[in-house]
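I have placed the structure first, in the form of structure tokens, so that the comments after it can refer back to it.
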Amino acid sequence: MADINHILNSSQTLPDAKHISGSEGKSIPVSKSVDSVIQADESYRMDHAEMGLCVLVNNKNFHPATGMAYRSGTDADAARVVETFRNLGYTVKPFNDLTCKQMIDVLQNVSKDDHSKKNCFVCVLLSHGEDGLIYGTDGPLELKMLTSLFRGDRCKTLAGKPKLFFIQACRGTELDSGIETDSGPDESICQKIPVEADFLYAYSTAPGYYSWRNSSDGSWFIQSLCVMLKQYAKKLELMQILTRVNCKVAEFSSCSNRPDFHGKKQIPCIVSMLTKDFYFPH
């Protein structure tokens, strides 16, 4: 485990952002509430032949026209992700410096793969961002254009299986100054599930805020995620692990030569549409 004091004090911390500084008039149909047939098992199946794919997009160099800075420290994040998810049994496919079109093409191709023998799918995005946007090397892209490729109606071999997205990027330009406190089911049953079900989005920061990255050690979020997965993947349910990631990231404070960027805080944001508990297989 990395020495937290070293991480807090070494190099400078940088934000993953570009700049430093209808249903009206329509009647809603009445719907009846019906009980769907749900499997009794409350945890996702983890007994398929393969754990699944982990697609890693590591964008470091950006076209000058975008106004985006070089993302120093991101290769340290990428190396941690590769090691961590390989150790968890995933087949990791890393990609570097992809344009918007290339990001779409890569994930579209993966969504068309046959995932029937896989437990789940993971995607890790390391780039600049804004709220709802992720940056290719040539400009911004709506995050939903990537995630929607894996909806249950578009990637049917992942329907009912967990799809995990880990996103290291800014979501705005707000700064958090912190505050002092005292301290084996029957698969023959046919069922209908929402197309947006079984997604989890783990954002490095809350909506509207900067996401911090150390210029040599990598981002606070990816460092913390990989440490917590290594420590707890075989012991705790995924949401419990991510709560510990939140706690770990909250310990960090930014170190900058700019007074207005010094001593700032960060808290990740977990958005879950998972319908079952997620336990990594032992």
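For the reader, a short list of remarks on this structure follows.
- Condition check for G152: over 16 Å from the mean Cα position of the chain (by Cα), within 19 Å of V249 (Cβ to Cβ) and open to solvent by 10 Å² or more (accessible area, probe 1.4 Å): no
- Hits in the stretch 67-93 (condition: in contact with a strand residue (DSSP E or B) (Cβ under 8 Å, 6 or more places away or on another chain) and closer than 14 Å to G52 by Cα): V82, F85, R86, L88, G89, Y90, T91, V92, K93
- Pair list, Cβ < 8 Å and 6+ apart or interchain, from the stretch 68-80 residues that are farther than 9 Å from G218 by Cα and open to solvent by 50 Å² or more (accessible area, probe 1.4 Å) to residues that are at pLDDT 95 or above and not polar (S, T, N, Q): A69/F62; A69/H128; Y70/K60; Y70/F62; R80/G218; R80/I222; R80/C226
- The stretch 137-150 residues that are under 14 Å from E196 (Cβ atoms), paired with ones that are surrounded by fewer than 17 Cβ atoms within 10 Å (Cβ to Cβ) and of a type in the set (K, R) (beta carbon under 8 Å, 6 or more apart): S148/R154
- Hits in the stretch 155-169 - residues which are over 13 Å from V110 (Cβ atoms) and either among the hydrophobic types (A, V, I, L, M, F, W, C) or within 18 Å of the chain's Cα centre (by Cα) (or both): A159, K161, P162, L164, F166, I167, Q168, A169
- Set V30, V57, V37: member being β-branched (V, I, T) and at pLDDT 75 or above: V57
- Selection status of M68, part of a loop (DSSP other than H, G, I, E, B), more than 25 Å from G160 (Cβ to Cβ), modelled with pLDDT of 95 or more and of a type in the set (A, V, I, L, M, F, W, C): yes
- Scan of the stretch 231-282 for residues that are of a type in the set (D, E, K, R), open to solvent by 40 Å² or more (accessible area, probe 1.4 Å) and in contact with a helix residue (DSSP H, G or I) (Cβ under 6 Å, 6 or more places away or on another chain), ordered by number: R244
The values are calculated or read from the model by the stated rules, or taken from the named source; none is laboratory data. In this text the structure is predicted, and so the values were computed from the model without any measurement. Here Cβ is always computed from backbone atoms with ideal geometry, including for glycine, and neighbour counts include all displayed protein chains. In case anyone asks, the SASA skips ligands and DNA or RNA and just uses the protein heavy atoms, side chains included. Shrake-Rupley method; radii C 1.70, N 1.55, O 1.52, S 1.80 Å.
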